[in-house]
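I have placed the structure first, in the form of structure tokens, so that the comments after it can refer back to it.
Derivation of every value follows stated rules applied to the coordinates shown; laboratory data play no part. Owing to the predicted nature of the structure, the values given are computational and were not obtained by experimental measurement. Reconstructed Cβ throughout: ideal geometry from the backbone, glycine too, with neighbour counts over all protein chains shown.
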Amino acid sequence: MSISSFVSAWVQNNRETIRGWRRHLHRNPELSHMETATTEFILTTLREAGLDPRALPSTGATVDIGPKDAPLIAFRGDIDALPLEEATGLDFSSQNPGVMHACGHDIHTVIVLALACGLAAFVEEHGADAMPVQVRCIYQPAEEVMDGGAVEVIEAGALRDVQSIYAVHCEPKLRTGEIGVRTGPITSASDVVEIILRGHGGHTSRPHLTSDLVYAAGLIITQLPGLLTRRLDPRSGTVVVFGAVNGGSTFNAIPQEVCLLGTFRTAQVGVWRQGQQILTELLEQIVAPTGADMEIRYTKGVPPVTNDDVATAMIAQAVKDRDPYALREAPQSTGGEDFSWYLEHVPGSMARLGAWDGKGEKPDLHQPDIVFDERAIGVGIRMFAGVIDQFHGKAEEGGRGGEL
């Protein structure tokens, strides 16, 4: 029996337990860097399965399963929630006011948790040497914040000896059962840009006696995006968008300070590495004729998630082995994801896990009324088990088993 067939049967036999894990986590979400109860739940569940997990320095955990002398691969699930007030009306809605799993991290966590427990059962029945690889399951905190948890997890040694790493992200734009894959960039880098303009203010009837910071801000907003397309390859998917512009308080006074706040996004790692320098050069050239003083506060975010071709092919084959009609090409997203930090060290791939039940409009992530289809959990577990099977080429067709 292949690992994917064994895990599929284990999921079928334990579907109510797995569903209960997800609902417990959804009911008890915790914000980034504060996932203490979530971590304890993960550790307890893994220990009850006969495993020996390791708590990470702050929150989060890892656990290894399988032969210690075999190649090591990793699966990552993120465990933090968002600062949103839930409005789903589910009977297992968040009990923590102002905190909600609105990005599917409870589902990601349970997929990797169930995978570990299913593999533990496989090892107990067939022995560790029946696994072609050793598996490390990583339960990562703080994906939703700029000072993301991936760097902290890597510094704690979670990637030591790992040869490749895999992850999923819930995708409410795909029907449950479908899985989207993409070689190369699947998300974008996301940096925060704050521009502060200062200068002489004055009466709007005499702009020539001022630096006219509102006019300078207008030049930045209208000229910067176009100039970027002349300095950078437009195929890189690079874009600057401002979400806040603040300055002035009345119609007839030019202010002494104007602030712009936005994001710099790109799909190419090389562009991301030089983005701050290029942006600074262009801003200085735009603002110079106005006479305004400028301060640029640039906060580096995460690089793009750039999927390795071999790792992506292994996910794709695992999907096709289960259901040849389930595979989709995922679009390149302009959102950011700190799974990218792992891929700076080892090859790997993130897939999009369909989580739309096919009823009503397709929702969007990070919304207080979003509801994910729980059947996606079983799909994700089986896909990861299928990836493990790719390492010895014994994945079996059929035997899909029941969905959660």
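Annotations for the structure displayed:
- Each of 126, 169, 234 was scored by the projection of its Cα onto the charge dipole of the chain, and the greatest displacement toward the positive side belongs to 234; charges sit on the C-beta of Lys, Arg, Asp and Glu.
- Sorted fewest first by neighbouring Cβ atoms within 10 angstrom, 215, 325, 342 come out as 325, 215, 342.
- Working note: 222 nm ellipticity from helices only, DSSP H runs with n ≥ 4, each -39,500 (n - 2.57), summed and divided by the residues of the chain, gives -11000 deg cm²/dmol to the nearest 500.
- Going by neighbour counts of Cβ atoms within 10 Å, the residues 272, 341 line up, fewest first, as 341, 272.
- In a simple Cβ point-charge model (Lys, Arg +1; Asp, Glu -1; nothing else charged), the chain has a dipole of about 780 debye relative to its Cα centre.
- Antiparallel DSSP beta bridges within the chain, percent to nearest 5: 65
- Mean projected area in nm² (Cα convex hull; one quarter of hull surface) for the range 189-302: 6.6
- Among 202-210, 52-60, the order from most to least packed when residues are scored by Cβ within 10 Å on average: 52-60, 202-210
- Taking the centroid of alpha carbons for each part, the range 222-257 and the range 351-396 are 38 Å apart.
- Per DSSP, loop trypsin sites (Lys or Arg not before Pro) in the range 149-251 with at most 12 further Cβ within 10 Å: 160
- Cα gyration tensor, the range 1-100 - rounded (a/c under 1.5), prolate or oblate: oblate
- Using θ = phi - 60° and Karplus 6.51 cos²θ - 1.76 cosθ + 1.60, couplings along the range 279-287 (whole Hz; Gly, Pro as x): 4, 4, 4, 5, 5, 4, 5, 5, 7
- Whole-Hz ³J(HN,Hα) from phi, Karplus 6.51 cos²θ - 1.76 cosθ + 1.60, for the range 35-44, glycine and proline x: 7, 6, 5, 4, 4, 5, 5, 5, 4, 5
- Proxy reagent accessibility, fewest Cβ within 10 Å first, across 370, 79, 138: 370, 138, 79
- Simple point charges give the picture: +1 on the Cβ of Lys and Arg, -1 on the Cβ of Asp and Glu, and for the range 189-302 a dipole about the Cα centre of about 300 debye.
- If you take the alpha carbon atoms of the chain and fit the smallest convex hull around them, that volume is 147 Å³ per residue.
- Under a 5 Å amide H cut-off, with hydrogens placed 1.01 Å from N, residue 30 pairs with 81 among residues at least 5 apart or on other chains.
- Summary: within the chain, the longest segment free of GluC sites (Glu not before Pro) located in DSSP loops with at most 16 other C-beta atoms within 10 Å is 86-343.
- Alpha-carbon centroid distance for the pair the range 290-339 / the range 28-75, whole angstrom: 25
- Cross-link partners for residue 320 among the lysines, with Cα-Cα distance under 28 Å and sequence neighbours closer than 8 places in the same chain left out: 173, 359, 362, 394.
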